[in-house]
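Here the structure is laid out as structure tokens; the discussion comes afterwards.
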Amino acid sequence: MINIVLFGKPGAGKGTQAEFLKTKYNLIHLSTGDIFRFNIKENTDLGKLAKTYMDKGDLVPDEVTIKMLESECNQYPNSSGFLFDGFPRTISQAQALDAFLNSKNEEISATIALEADDEILVKRLLERGKTSGRVDDQDEEKIRNRYQEYNEKTAPLMDYYKAQGKFYSVDGIGSINEITERLSLVIDKIK
Ligand code: AMP
């Protein structure tokens, strides 16, 4: 199996790139943000709970997020690998993911960050908010809060994966094709 964590700030292009990479490498794409939004649309209890955090740009609590991610993974027992998008976002999530994969004799193959400047990303998200319908993309204060959450809780994951020798980063600015190529170079190397 190859298990890739796509890492990067909100708006860095993880979701866009995941669409290409999942086909190219035959991976199951799991976006925790998408799964939460699906639950909100379906008005499930999980969706109602997640919405109270997401609308403010706060992270959903670890316990809920980890349980949801594990149950999603368990739906694909025969997959040839996962592409994690938006997960893990905290050290506890990363530790839980390692333990979960280890229990199946699997592991993270690589964590690849899409690097981009905050100011470019804020503009990108505000632009996306005009059509995405996402409340958390429409208000600069909420967007800034998401970056604060990222800096405080998610950025430490870089050292977590560096310590395991699994951290890579690519320039996230360029055409979609160029960035897919950069990510593919890393994935081809670790396969
Ligand atoms: P995203 O679509 O990845 O930008 O995620 C949108 C929102 O969903 C985030 O701002 C969080 O509120 C929530 N979310 C998504 N993934 C996670 C996660 N791994 N841990 C906690 N909250 C998450």
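The values are calculated or read from the model by the stated rules, or taken from the named source; none is laboratory data. A quick note: this is a predicted structure, and the numbers were derived from the prediction, not measured. With ideal geometry, Cβ positions are generated from the backbone for all residues, glycine too; neighbour counts draw on all protein chains shown. The area values use the complete protein model at the heavy-atom level, side chains included, leaving out ligands, DNA and RNA. Shrake-Rupley method; radii C 1.70, N 1.55, O 1.52, S 1.80 Å.
Laid out as a table, the results:
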quantity: Listed residue pairs exceeding 23 Å between alpha carbons, taken from K51/K153; K9/K104; K153/K191; K67/K123; calculated: K9/K104; K153/K191; K67/K123
quantity: Label-point separation in nm, D55 to R144, each point 7 Å along Cα→Cβ; calculated: 2.2 nm
quantity: Chain lengthening between D117 and T16 when straightened (0.36 nm per residue, less Cα-Cα); calculated: 34.6 nm
quantity: Carbon + sulfur, % of accessible area of the chain - ligands and nucleic acids excluded, 1.4 Å; calculated: 49 percent
quantity: Computed helical MRE - 222 nm, the chain, DSSP H runs ≥ 4 contributing -39500 (n - 2.57), nearest 500; calculated: -16500 deg cm²/dmol
quantity: Mean shadow area of the chain over all directions, Cα convex hull, nm²; calculated: 10.1 nm²
quantity: Candidate aspartates and glutamates for bridging to K24, where Cα separation is under 19 Å - those fewer than 8 sequence places away on the same chain excluded; calculated: D85, E178, E181, D188
quantity: Pairwise FRET efficiency - F38 versus K191, Cβ, R0 = 45 Å, nearest 0.05; calculated: 0.90
quantity: Volume per residue of the C-alpha convex hull in the stretch 67-165, rounded to whole Å³; calculated: 130 Å³
quantity: Cβ-Cβ FRET estimate between R128 and T23, R0 fixed at 22 Å, reported to 0.05; calculated: 0.50
quantity: Qualifying aspartates and glutamates (Cα of each under 13 Å from Cα of K142; at least 8 residues distant if same chain); calculated: D55, D58
quantity: q = 0.16, 0.20, 0.21, 0.23 Å⁻¹: log10 I(q)/I(0) that the Debye formula gives for the stretch 1-94, counting C-alpha atoms only; calculated: -0.67, -1.04, -1.13, -1.30
quantity: Accessible area per residue, Å², the chain with all protein chains present, probe 1.4 Å; calculated: 50 Å²
